[in-house]
Amino acid sequence: MIGVGGAVLYSLVFRAQGDSGPAALILALGAIAAFLVARSSWRRGFARHRGHRVETSARSRLRRILPLGWSVDKTPPFVSGVGNVDMLIRTSRHGFVVEIKSWQAWDNTERNRAAVAQARNLLQAVAGRDSRKWQAVIWLPEGKKKRVRLDRDVIVVAGSPVSLLWVLHLMILRFL
């Protein structure tokens, strides 16, 4: 906005002198480009902030209803080249690498394929650390339709923390 205002003021000053020429046009185009870049950056920042807020809220709600004998790592590991593990849930014999996404729907888009690849890579990095049987899970806590889907070797769960725990129990009992 400031850049656009500056371009308009600059243009008016040169018009008053009778020599507006291409300098005002170049300045106006530069100001518009700067505005578009700033708006895009703001949108990405807003989306990341929202995603972080959804992750924090979902993790907190799940911890409150976790069954006895189950645990969630307080400081999940960071895997170089892949990212951080949003949540590690452990039982006595099983472990779940949970990647939390703030999306409301799961479809066949590039971002979903990237999320599956990320979950797989996180699983490979974590699975060898102990003798538990590990499973990668992508959880959409704000998913509009409660749904469970097996996307190759990654389980996708949309719905509340109760829905997630229900699916994890089924995994442990080998129904999925």
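When the chymotrypsin sites (Phe, Trp or Tyr not before Pro) in region 77-176 are filtered for DSSP coil states and for at most 11 other beta-carbon atoms within 10 Å of their beta-carbon, the remaining sites are Phe175.
Report the full-extension gain for the segment Ala127 to Lys145: residue separation times 0.36 nm, less the Cα-Cα distance, to one decimal in nm. All intermediate terms of the calculation are to be shown ahead of the outcome.
Values: separation 18, 0.36 × 18 = 6.48 nm, distance 3.00 nm.
Length difference between fully extended and current span is 3.5 nm.
Taking amide hydrogens as placed 1.01 Å from N in the peptide plane, the amide H of Trp134 sits under 5 Å from those of Gly95, each at least 5 positions away in sequence or on another chain. In this simple spin-label model, placing a label point 7 Å from the Cα along the Cα-to-Cβ direction at both Arg93 and Ser71 gives a separation of 1.9 nm. Placing unit charges on the Cβ atoms of the charged side chains and taking the dipole of region 58-176 about its Cα centre, the candidate lying farthest along the positive direction among Ala117, Val148, Leu173 is Leu173. Taken over region 67-172, the convex hull of the Cα atoms encloses 98 Å³ per residue. Neighbour counts of other Cβ atoms within 10 Å put Leu150, Leu165 in the fewest-to-most order Leu150, Leu165.
Shape analysis of region 136-176 based on the Cα gyration tensor places the equivalent ellipsoid semi-axes at 16, 12, 7 Å, largest first. For the pair Val162 and Glu110, a Förster radius of 25 Å applied to the C-beta separation gives a FRET efficiency near 0.25, rounded to the nearest 0.05.
We did not get these values from a lab; they are worked out from the coordinates using the rules stated. This one's a predicted model, so the numbers in the text were calculated from it and none came from an experiment. Glycine gets a Cβ as well: all are built from the backbone with ideal geometry, and neighbour counts include every protein chain shown.
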